[in-house]
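The values are calculated or read from the model by the stated rules, or taken from the named source; none is laboratory data. Please read these numbers as outputs of a predicted model, since none were measured by experiment. Please note: Cβ atoms are built from the backbone with ideal geometry, for glycine as well, and neighbour counts cover all protein chains shown. With ligands, DNA and RNA removed, areas are computed over all heavy atoms of the protein, side chains included. Shrake-Rupley method; radii C 1.70, N 1.55, O 1.52, S 1.80 Å.
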Amino acid sequence: MVYKLIAAVGIVALAACSDDASPSFAGPAECSADSSSSVIPAETSSSFVIPASSGNLLSSSSESVIESSAASSSSMTIESSSSAETASSSSAETTSSSSEEPAAEYFWNDEFDSESIDLNKWTFEIGTGAGGWGNNEWEYYTDRKENAYVKDGVLHIRAQKEDYEGQKYTSARMLTKGKFSFKYGTVEARIALPTGKGIWPAFWMLGENFDTVGWPACGEIDIIEAVNTENKIYGTNHWANGAKYATYGNNTGNYRNQKFDLDITQFHTYKFTWDEKYIRMFVDDFMYHEILIEGNEGDTEEFHKPFFFLLNVAVAGNWPGFEVDDSQFPNEMLVDYIRVIK
């Protein structure tokens, strides 16, 4: 995997160009504007330092924003690579225990109620990845119980300060690639996130065709990202945009002139809805991101194909920066459940 930096309109983003049949891009790619609702294209360029992007950024190919204030649609179609079913949008309230919901209701789910991580559902990626997983991250991802384990019905992904395989930090990166992917549907997850200088947790998705087309042509959907000590959630889409790269995102700090105050270290219910027209993201029923994909608006055909899940906690990198508060460790992302609803 060869990684190239690409820039436009004073903003720099990261693209990954595949040189082989089995690339290992680990993003999530650096995300989006603090308050904008616009497409960010990028022209290929040479080396740059990648800052966090912000401001009102419009596509060079279109002055229209791929966003709508329309209300959430009530029904959609859900598919996997092997089957398809009808799904309904849902706004389940936060519950204190994942065991309260019967698993039979879901197209796919993990309640993390077993004594260990279900390896029929999840795979671990190991190591540092090319270029620090494409973002100059500092952690070494392992499959050890020290970095990922289940306890009392909750998945713990733990970042630690320790010398390991030449790195100063360890963590875990779990994915459903090759075991579960889907197209269209509603995802609900109950998650508590870590905060701290240099920490970067994420719950996100990559296109199932990643190994054959590479990134960003596979598409990327960042359902939840947070950095450093910010108490806000970012939602972002990344895609190829034809011969260019584009990213578009929003956050709970200022979306449509509204701010949603939350303590991200506490459990919240995150919801992601996806159909032929829109991708929308919510926390406790507050919508913090929406993108119009109907008819491949903005060259968004990537988002009409199956995607798989990823969970990880990164340490340092292009977006959170390279100042790390070591007093925070160990620091954990907690996941009560993830549910894909029929």
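Provide the per residue accessible area, probe 1.4 Å, for the stretch 177-240, rounded to a whole number of square angstrom.
20
Residue by residue, what Karplus-based ³J(HN,Hα) values in Hz, rounded to whole numbers, does the stretch 149-165 have, using 6.51, -1.76 and 1.60 with θ = phi - 60° and x for Gly and Pro?
7, 10, 8, 6, x, 9, 7, 10, 10, 10, 8, 10, 8, 6, 7, 8, 6
In percent, what relative contact order does the stretch 238-315 have, based on Cα pairs under 8 Å that are 6 or more apart in sequence?
Here the relative contact order equals 22 percent.
About the Cα centre of the stretch 105-238, how large is the charge dipole given +1 on each Lys and Arg Cβ and -1 on each Asp and Glu Cβ? Please answer in debye to the nearest 20.
Result for the stretch 105-238 is approximately 220 debye, rounded to the nearest 20.
For a quick protection proxy, order the peptides 310-320, 240-250 by their average other-Cβ count within 10 Å, most packed first.
Ranked from most to least packed, the peptides come out as 310-320, 240-250.
Can you give the local net charge around E139? Use residues other than it whose beta-carbon is closer than 14 angstrom to its beta-carbon, Lys and Arg +1, Asp and Glu -1.
Surrounding charge for E139 is -4.
Could you tell me the relative contact order of the stretch 128-204? Use alpha-carbon pairs under 8 Å, at least six residues apart, and round to a whole percent.
Computed value for the stretch 128-204: 22 percent relative contact order.
Lys/Arg Cβ at +1, Asp/Glu Cβ at -1, dipole of the stretch 187-342 taken about the Cα centre: which of N312, N254, P201 is farthest positive-ward?
Among N312, N254, P201, the one farthest towards the positive end of the dipole of the stretch 187-342 is N254.
³J(HN,Hα) across the stretch 229-234 via Karplus (A = 6.51, B = -1.76, C = 1.60, θ = phi - 60°), whole Hz, x for Gly/Pro?
Result, rounded to whole Hz: 9, 5, 9, 8, 10, 10.
Any idea what % of Cα-Cα pairs in the stretch 237-279 are farther than 14 Å?
Here the tail beyond 14 Å accounts for 70 percent of pairs.
Which far-off residues, 5 or more places away or on another chain, put their amide H under 5 Å from the one on A148, with H placed in the peptide plane?
Amide H neighbours of A148, under 5 Å, 5+ apart: R158.
Over the Cα atoms of the stretch 279-342, what is the Rg over Rh ratio if Rh follows Kirkwood?
With Rh from the inverse mean 1/r over Cα pairs, Rg/Rh is 1.06.
Around E188, under 9 Å between beta carbons, what's the net of Lys plus Arg minus Asp minus Glu among the other residues?
Local charge sum for E188: +3.
If Lys and Arg each add +1 and Asp and Glu each add -1, what is the summed charge of the other residues whose beta carbon sits under 10 Å from the beta carbon of N209?
Result for the local shell: -2.
When the expected Rg is taken as 2.2 N^0.38 Å, what fraction or multiple of it is the alpha-carbon Rg of the stretch 261-302?
1.42
With only alpha-carbon atoms counted, please give the Rg and Dmax of the stretch 191-260, in Å.
Cα only, the stretch 191-260: 14.0, 40 Å (Rg, Dmax).
Quick check on my link table: of K177/K305; K179/K232; K197/K232; K151/K183; K121/K244; K121/K271, which ones sit more than 24 Å apart, alpha carbon to alpha carbon?
Listed pairs above 24 Å: K179/K232; K151/K183; K121/K244.
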